[in-house]
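The values are calculated or read from the model by the stated rules, or taken from the named source; none is laboratory data. All of these numbers come straight from a predicted model, not from anything done at the bench. Every residue, glycine as well, gets a Cβ built from its backbone with ideal geometry; the counts of neighbours run over all protein chains shown.
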Amino acid sequence: MININQLTTLQFNAVEYWHDRKFVVLKPENHFFTVVLEQHRFNFDLWHEEDIARSPDMSDSKIAQVKRNIDQLNQKRNDGIERIDAAIIEQLNEIRLIPKPDARINTETPGSVIDRLSIMSLRIFHLQEQLQRNDVGLGHQQLVSQRLERCFQQRADLSQSLTELLDDIFSGYKILKVYHQFKMYNDPTMNPYLYNCKKSA
């Protein structure tokens, strides 16, 4: 089984590590955590591109480039979620798990929950940064503290829900599938604007 506490600790430690040494590659203990960390890195980069996109003093050309970066990172983020689910299915195949006849499908996959935990680790890190500021008043710090408390609670709830979901999957009570989203807007043969532009060029 997957240790969720180790997973969330890895995600948070990676956020701290990347802020200090952006381009250093971390090496987790196993293949599954490597897949989790790769997906987490896309969220890390996406978070900071979103920050840049809201800068009021950027040129239109710079904003356009940042928006393209965000689009590409979102695609990689979603692909990473599917790779996480595929890695879990590999584990199920290795133990030759056969779902029970009445097994159900969950609306949210483990990869989607791990993605939410990834974002939560980023939110917690940056809220903690806010607490360390010297240029804000008590009201700001109190607001941040309240939000941080809710984030810790949400991370705990998500972790518990993920543990229960994985228990159900590895016990055969729930089925895990990877559907692949096949996002059409990034496909030059599926996005009408892209293929019509190509025809008129």
Kindly indicate whether any position in the stretch 44-62 is among the charged types (D, E, K, R), in contact with a helix residue (DSSP H, G or I) (Cβ under 8 Å, 6 or more places away or on another chain) and closer than 18 Å to MET1 by Cα.
-> no
Does LEU158 satisfy the criteria of being out of contact with any Pro (no Cβ under 8 Å at 6 or more places or on another chain) and assigned to a helix (DSSP H, G or I)?
-> yes
Looking only at the stretch 38-58, and only at residues there that are part of a helix (DSSP H, G or I), among the aliphatic types (A, V, I, L, M) and at pLDDT below 95, the one that is nearest to GLN11 (Cα to Cα) | ILE52
Sort through PHE33, PHE23 and tell me the only one that's surrounded by fewer than 12 Cβ atoms within 10 Å (Cβ to Cβ) and either assigned to a helix (DSSP H, G or I) or at pLDDT below 85 (or both).
-> PHE23
Quick one: LEU37 ticks every box in (1) in contact (Cβ under 8 Å) with a residue 40 or more places away in the chain; (2) more than 23 Å from SER171 (Cα to Cα); (3) under 15 Å from the mean Cα position of the chain (by Cα) bar one, so which box is it?
-> (1)
Subset of the stretch 122-143, residues surrounded by 12 or more Cβ atoms within 10 Å (Cβ to Cβ) and in a loop (DSSP other than H, G, I, E, B), comes to VAL136
Of (1) surrounded by 15 or more Cβ atoms within 10 Å (Cβ to Cβ); (2) more than 20 Å from HIS48 (Cα to Cα); (3) of a type in the set (Val, Ile, Thr), ILE119 fails just (2)
Residue within the stretch 59-66 that is part of a helix (DSSP H, G or I) and in contact (Cβ under 8 Å) with a residue 24 or more places away in the chain present | no
Restricting the first residue to the stretch 85-113 and requiring it to be surrounded by fewer than 10 Cβ atoms within 10 Å (Cβ to Cβ), which pairs with a second residue that is among the small types (Gly, Ala, Ser) meet a Cβ separation below 9 Å and a spacing of at least six or different chains?
-> ILE98/GLY172
Output the residues belonging to the stretch 158-201 that are modelled with pLDDT of 80 or more, hydroxyl-bearing (Ser, Thr, Tyr) and touching a helix residue (DSSP H, G or I) at 6+ places or on another chain (Cβ under 7 Å).
-> SER159, SER161, THR163
Set GLN6, GLN11, GLN39, GLN72: member being touching a Gly at 6+ places or on another chain (Cβ under 8 Å) and either surrounded by fewer than 16 Cβ atoms within 10 Å (Cβ to Cβ) or not hydrophobic (A, V, I, L, M, F, W, C) (or both) | GLN39
